[in-house]
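Student: First the structure, then my questions, so here it is.
The values are calculated or read from the model by the stated rules, or taken from the named source; none is laboratory data. As the structure is a prediction and not an experimental result, all values here were calculated from the model. Here the Cβ is made from the backbone with ideal geometry for all residues, glycine too, and neighbour counts use every protein chain on show. These accessible areas exclude ligands, DNA and RNA; they are computed on the full protein's heavy atoms, side chains included. Shrake-Rupley method; radii C 1.70, N 1.55, O 1.52, S 1.80 Å.
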Amino acid sequence: MMSNSKYFQTILNGTIHALKSILPMDIEVKSPSIISEPFQQQQMGVLIGLVGDLKGRVIIDSSPEVFSGIGSTMFGMPLEGEMLESFTGEFGNMIAGNLCTAVGQESLEIDITPPTVMVGNTKLYGFEKAFALPVSVPSVGALTVLLTIEEEAE
């Protein structure tokens, strides 16, 4: 587990860096907590797989209103329906892509899978532990970034 704890820190820092790079506002990142399965997604989220030096997932969980508000801030217009779902996937892609670049500077080589957008109430299983990173976006709302890293079978 020792090697994974430093990965977690690197991934956590990379995620915070990615959020701050992509979101055009001052966000407040709160302390991460460790959660166990299942993770209960409330309304809308995007899941991106991580492959390479480590395997895991990044899940960004929030509400359609928050994703729409972020889209509105970034593009000057509120998004809804299919455009909102498409943007949510793209937003996940931007965060995960930026994360790859950030951790690459720490000699951690990871790649990402295409985003999966999840709408509705969902329970996620298939991980031992995950870090939940609560993020507050001013005048938009809150989102949670969930990071799971799969244990390597020795």
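Student: Show me the strands (runs of 3 or more DSSP E) entirely contained within the range 96-154 in which 1 or more residues are in contact with a helix residue (DSSP H, G or I) (Cβ under 9 Å, 6 or more places away or on another chain), open to solvent by 20 Å² or more (accessible area, probe 1.4 Å) and of a type in the set (D, E, K, R).
Tutor: Counting at least 1 such residues, we get 110-112.
Student: A follow-up question, please. Here is a list of conditions, (1) modelled with pLDDT of 90 or more; (2) more than 16 Å from GLN43 (Cβ to Cβ), and GLY92 meets all of them except one; can you say which number that is?
Tutor: The single condition GLY92 does not satisfy is (2).
Student: Right, something else. Search the range 9-29 for residues that are β-branched (Val, Ile, Thr) and pair each with any residue that is open to solvent by 80 Å² or more (accessible area, probe 1.4 Å) when their beta-carbon atoms are under 6 Å apart and the residues are at least 6 apart or on different chains.
Tutor: Once the first residue is β-branched (Val, Ile, Thr) and sits in the range 9-29, its partners that are open to solvent by 80 Å² or more (accessible area, probe 1.4 Å) give THR10/GLU106.
Student: Applying the selection to the range 121-138, what residues are modelled with pLDDT under 90 and either farther than 27 Å from MET25 by Cβ or β-branched (Val, Ile, Thr) (or both)?
Tutor: Those that are modelled with pLDDT under 90 and either farther than 27 Å from MET25 by Cβ or β-branched (Val, Ile, Thr) (or both): ASN121, THR122, LYS123, LEU124, TYR125, GLY126, PHE127, GLU128, LYS129.
Student: Might you check whether a residue that is touching a Lys or Arg at 6+ places or on another chain (Cβ under 6 Å), of a type outside the set (Phe, Trp, Tyr) and either closer than 22 Å to PRO32 by Cβ or in contact (Cβ under 8 Å) with a residue 60 or more places away in the chain (or both) occurs anywhere in the range 115-138?
Tutor: Checking the range 115-138: at least one residue is touching a Lys or Arg at 6+ places or on another chain (Cβ under 6 Å), of a type outside the set (Phe, Trp, Tyr) and either closer than 22 Å to PRO32 by Cβ or in contact (Cβ under 8 Å) with a residue 60 or more places away in the chain (or both).
Student: A further question on this structure: Taking the condition touching a Pro at 6+ places or on another chain (Cβ under 9 Å), under 29 Å from PHE75 (Cβ atoms) and at pLDDT 90 or above, does ILE59 pass?
Tutor: No; evaluated as a whole, the condition is false for this residue.
Student: So, in the range 16-56, how many residues would count as being among the hydrophobic types (A, V, I, L, M, F, W, C) and either assigned to a strand (DSSP E or B) or open to solvent by 50 Å² or more (accessible area, probe 1.4 Å) (or both)?
Tutor: Qualifying residue count for the region: 10.
Student: If you go through the range 15-71, how many residues are small (Gly, Ala, Ser) and either farther than 18 Å from LEU147 by Cα or more than 12 Å from the chain's Cα centre (by Cα) (or both)?
Tutor: Selection size over the range 15-71: 9.
Student: Let me ask something else about it. Check whether at least one residue in the range 73-87 is under 20 Å from GLN42 (Cα atoms), in contact (Cβ under 8 Å) with a residue 24 or more places away in the chain, surrounded by 14 or more Cβ atoms within 10 Å (Cβ to Cβ) and within 14 Å of the chain's Cα centre (by Cα), and report yes or no.
Tutor: Within the range 73-87, not a single residue is under 20 Å from GLN42 (Cα atoms), in contact (Cβ under 8 Å) with a residue 24 or more places away in the chain, surrounded by 14 or more Cβ atoms within 10 Å (Cβ to Cβ) and within 14 Å of the chain's Cα centre (by Cα).
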